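Taken together, the values in this text are just the output of simple stated rules run on the coordinates, not laboratory data. Because the structure is a prediction, the values reported are computed rather than measured. Here the Cβ positions follow ideal geometry from the backbone for every residue, glycine too, while neighbour counts run over all protein chains shown.
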Amino acid sequence: MLVLLLKQNLKIRLQTSVHITNDIDAMHYVLAQAGKGLFITSPNPRVGCVIVREGQVLAVGHTQPAGFAHAEAAALQDAAARGVAVHGATAYVSLEPCSHQGRTPPCADALIAAGISRVVVAIGDPNPLVAGQGLARLRAAGITVECGVLEQEAREMNSGFFSRMERGRPWVRMKIAASLDGGTALNNGSSQWITSAPARDDGHAWRAQACAILTGIGTVMQDDPQLNVRAVETSRQPRRIVVDSQLQISPQARVLKGGGTWIFAAQSYPEREAVLREQGAEVIVLPNPAGKVDLAELLNELGRRQINELHVEAGFKLNGSLLRASCVDELLLYLAPSLLGPAQGMAKLPELSDLSLRQQLRFHDVRQIGPDLRILARFN
């Protein structure tokens, strides 16, 4: 999901937009507000709200961390703090206002109580608890409602949330750093560093927006990664996940530090599990018929656990397994202007007998990050 690009493109609008002249400009402003919640809203969607009267922005808001104000409530709080009346104004929202009592009260009711006369929504909420009911409640209260302004951009902002609601599984992004000839590590395992510091920092920004980061036991044993966000400022660290069929992980592995790590295994090892529980880890056993972790069921389990976006940073073996199981939505590739020669590749895939059998992707975004090339490619 290219939310960082969207956020960068809207930054100028956010700084310079003072007078709203049409619904599209207003929704761009709203999406910029939603971008402020990029790292903090999980498992809730990132939503922005702007309240406008006669072209003048009265108040703004965006979704806060789970359990705190949604975008509409935050905007109404902003209006109250400014001492601005919003009765008769238009509220622009990037996602359909919720209509159910969750951790917070229904946002549709809050807009009705505030006397908002018109609501413009970018896209409907796929959550079955909402799914049109928020719009219906607003219309029943006599509010003029319009939906579909910058719908694709709004969906892009929350592709993980839409994936979980529509497919029951997270949006999966696989990050790979490689040389131009596709090498991700030397055959002796050396891989630090193939790409530049700017590319690595950019990769941490993508980590930060994910709900969870997944790797395999091979990477843990080879590199002992921390698997956290360090290069960008964030108040929330993504969940760390390790695929470890035989539960070989060392209790001293850095990925376990601080607790909360989920480890997916293919069979139960009670003694090892007890040690890992002492480290604050949880072991989930999900075998497939081949005695490995069932990767498709892993994604379903993550969906049940409210993981919207899964960021994969693994070795070529697990990368290949995920790709063969059709468990990946997009590739985030960082290509360094170098050649490694014989080396470990991006993914262990079966040999093809015909080009028609290749997996097809489409380029979604291509740009230079420092000296390296960043490619975001999506499966069709």
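Among all stretches of the chain without exposed chymotrypsin sites (Phe, Trp or Tyr not before Pro) (DSSP loop, at most 14 other Cβ atoms within 10 Å), which one is longest?
194-380
So for the range 200-353, averaging the separation of alpha carbon pairs under 8 Å that are six or more residues apart and normalising by length, what relative contact order in percent results?
Reported relative contact order: 23 percent.
What nm distance separates the two modelled labels at Val232 and Ala131, each placed 7 Å from Cα along Cα→Cβ?
In this crude spin-label approximation the distance works out to 3.3 nm.
Quick one: give the max-minus-min coordinate of the C-alpha atoms of the range 140-255 along each principal axis, largest first, in Å.
67, 34, 27
To the nearest 10 degrees, how steeply does helix 3-16 sit against the main Cα axis of the chain, on a 0 to 90 scale?
30
Please list, ordered by chain and number, the residues whose modelled amide H lies under 5 Å from the amide H of Ile213; skip anything fewer than 5 residues away on the same chain.
For Ile213, the qualifying residues are Arg239, Arg240, Ile241, His311.
Compute the relative contact order of the range 314-364 as a whole-number percentage, counting only Cα pairs closer than 8 Å that sit 6 or more residues apart in sequence. Mind dumping the intermediate values first?
Values: 23 pairs, mean separation 26.9, N = 51.
The value is 53 percent.
What ³J(HN,Hα) values, in whole Hz, does the Karplus curve 6.51 cos²θ - 1.76 cosθ + 1.60 give for the range 47-62 when θ = phi - 60°, with x put for Gly and Pro?
Once rounded to whole Hz, the list reads 10, x, 9, 10, 9, 10, 9, 6, x, 9, 6, 8, 7, 9, x, 9.
Quick one: compute the contact order of the chain, relative version, from alpha carbon pairs under 8 angstrom and 6+ residues apart, as a percent.
15
For the range 299-306, take each phi angle, set θ = phi - 60°, evaluate the Karplus expression 6.51 cos²θ - 1.76 cosθ + 1.60, and give the result in whole Hz per residue in order, putting x for glycine and proline.
Once rounded to whole Hz, the list reads 5, 4, 5, 5, x, 5, 8, 6.
Longest segment of the chain with no trypsin sites (Lys or Arg not before Pro) in a DSSP loop having at most 10 other Cβ atoms within 10 Å?
My reading of the result: 104-357 is the longest stretch.
Which percentage, to the nearest 5, of the DSSP beta bridges contained in the chain is antiparallel?
So the antiparallel bridges amount to about 45 percent of the total.
How large are Rg and Dmax for the chain when only the alpha carbon atoms are used, in Å?
22.5, 70
Compute, for the chain, the length of the dipole vector about the Cα centre, with Cβ point charges of +1 (Lys, Arg) and -1 (Asp, Glu) only. Units Debye, rounded to 20.
Working: 38 positive and 35 negative charges, 58 e Å.
Result for the chain is approximately 280 debye, rounded to the nearest 20.
So who's got an amide H within less than 5 Å of the one on Ile176, skipping anything under 5 residues away but keeping other chains? H placed 1.01 Å off N, in plane.
Answer set, sorted by chain and number: Leu332, Leu333, Tyr334.
Rounding to the nearest 20 debye, state how big the charge dipole of the range 107-237 is about its Cα centre with +1 on each Lys and Arg Cβ and -1 on each Asp and Glu Cβ.
With only Lys, Arg, Asp and Glu charged at Cβ, the dipole is about 320 debye.
Give the separation of the Cα centroids, the range 253-295 to the range 88-165, in Å.
39
Once the dipole of the range 181-290 is set up with Lys and Arg at +1 and Asp and Glu at -1 on Cβ about the Cα centre, which of Trp206, Val220, Pro270 lies farthest towards its positive end?
Of the options given, the answer is Trp206.
I'd like the Karplus ³J(HN,Hα) series for the range 71-80: coefficients 6.51, -1.76, 1.60, θ = phi - 60°, whole numbers in Hz, and an x wherever there's a Gly or Pro.
Result, rounded to whole Hz: 4, 5, 5, 5, 5, 5, 5, 4, 4, 5.
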